[in-house]
């Protein structure tokens, strides 16, 4: 099919841009961190609550399949979104990081992806509406597209460098199905996040444009890469500048970085990206680096002080938190950047 890019910003994007000229907007924190505090069992993951999509069954263990909680523990997921909203988040991400047929194949739940996404967006929308009813602040739902657990650019077999575990078209089809579910559930934006392979992201972008053309609904795109180590490159080898030039054709509402690094280690890479991007800049770092037990020790105030430096340097338009960040982190970040001016953009 022919794909036509919408060059003119949508009314929603215009409203968000206007808000971003006035202040630094706030994204939410880590869903996984909050889920871990619930101490859920296998039975909690596999329960089904009426009204949250169809009951989906699999012979695979499901504990750890956090996206499935959109169906089995909807009240808990909605409450997490609500807490982030009340902590100051203007935008919250759906609990759909792994809601593609590719990622859900590990759990034997490929057939559940529409419900995972549609219900994930519905829960976030419901939580945002609850929060807005309390204080009148408009809030938005970003449908989260994770990178999947496969890479289109690199071989997983060191003995066969030409082998690929997934193709561009595989990714395109999986992401297209996910985006349709997110739109059905009421997502306002699409967030392609934690990008370690830009070819995966380009498949996601293409899928979004196909779905937008098919449905007639064009959602603003947020695109966020991840720098994996001190080399300052993505896993597939791109610098922040190269990453921007690879995705700028999508005219994203925001481009930025998340995950892998804490705020202090992210800063130079974010500065490089801010120096070349014509889109708004979004940054949501981890709460430092994980300790030996995979936990995050950096407290809300420590994270907020570092993120505030992004603002003082004029690097960002939207900030939030990734792994290890809680509603308390988001509240501290929101307070820390409240008096700072957003990065100037066209």
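List of remarks:
- Residues in the stretch 19-45 that are out of contact with any helix residue (DSSP H, G or I) (no Cβ under 7 Å at 6 or more places or on another chain), free of Cβ contacts under 8 Å to residues at least 40 places away in the same chain and assigned to a loop (DSSP other than H, G, I, E, B): 37, 39, 40, 41.
- Looking only at the stretch 270-281, residues that are free of Cβ contacts under 8 Å to residues at least 60 places away in the same chain and outside any loop (DSSP other than H, G, I, E, B) come to 6 in all.
- Looking only at residues in the stretch 99-115 that are assigned to a loop (DSSP other than H, G, I, E, B) and either free of Cβ contacts under 8 Å to residues at least 60 places away in the same chain or in contact with a strand residue (DSSP E or B) (Cβ under 7 Å, 6 or more places away or on another chain) (or both), the one that is surrounded by the fewest Cβ atoms within 10 Å (Cβ to Cβ) is 108.
- Among the criteria (1) assigned to a loop (DSSP other than H, G, I, E, B); (2) out of contact with any strand residue (DSSP E or B) (no Cβ under 7 Å at 6 or more places or on another chain), the one residue 147 does not fulfil is (2).
- Of the residues 131, 76, 87, the single one that is within 24 Å of residue 62 (Cβ to Cβ) and either at pLDDT 95 or above or surrounded by fewer than 24 Cβ atoms within 10 Å (Cβ to Cβ) (or both) is 76.
- With respect to (1) modelled with pLDDT of 95 or more; (2) assigned to a loop (DSSP other than H, G, I, E, B); (3) over 24 Å from residue 90 (Cβ atoms), the lone exception for residue 323 is condition (3).
- Comparison of 272, 301 shows that the only residue that is farther than 20 Å from residue 228 by Cβ and surrounded by fewer than 24 Cβ atoms within 10 Å (Cβ to Cβ) is 301.
- Test: residue in the stretch 54-63 that is at pLDDT 95 or above, under 30 Å from residue 331 (Cα atoms), out of contact with any strand residue (DSSP E or B) (no Cβ under 9 Å at 6 or more places or on another chain) and outside any loop (DSSP other than H, G, I, E, B): no
- Here is the figure for the stretch 100-126: residues that are within 17 Å of the chain's Cα centre (by Cα) and within 19 Å of residue 28 (Cβ to Cβ) total 9.
- Residues that are loosely packed, with under 15 Cβ neighbours inside 10 Å and over 21 Å from the mean Cα position of the chain (by Cα) within the stretch 134-154 comprise 134, 135, 136, 137, listed in sequence order.
- Cβ-Cβ distances below 8 Å connect the following pairs, each with a first residue in the stretch 282-302 that is at positive phi and in contact (Cβ under 8 Å) with a residue 24 or more places away in the chain, a second residue that is surrounded by 15 or more Cβ atoms within 10 Å (Cβ to Cβ) and assigned to a loop (DSSP other than H, G, I, E, B), and a separation of six or more residues or different chains: 288/298; 288/324.
The values are calculated or read from the model by the stated rules, or taken from the named source; none is laboratory data. This is a predicted model, so every value here is computed, not measured. Reconstructed Cβ throughout: ideal geometry from the backbone, glycine too, with neighbour counts over all protein chains shown.
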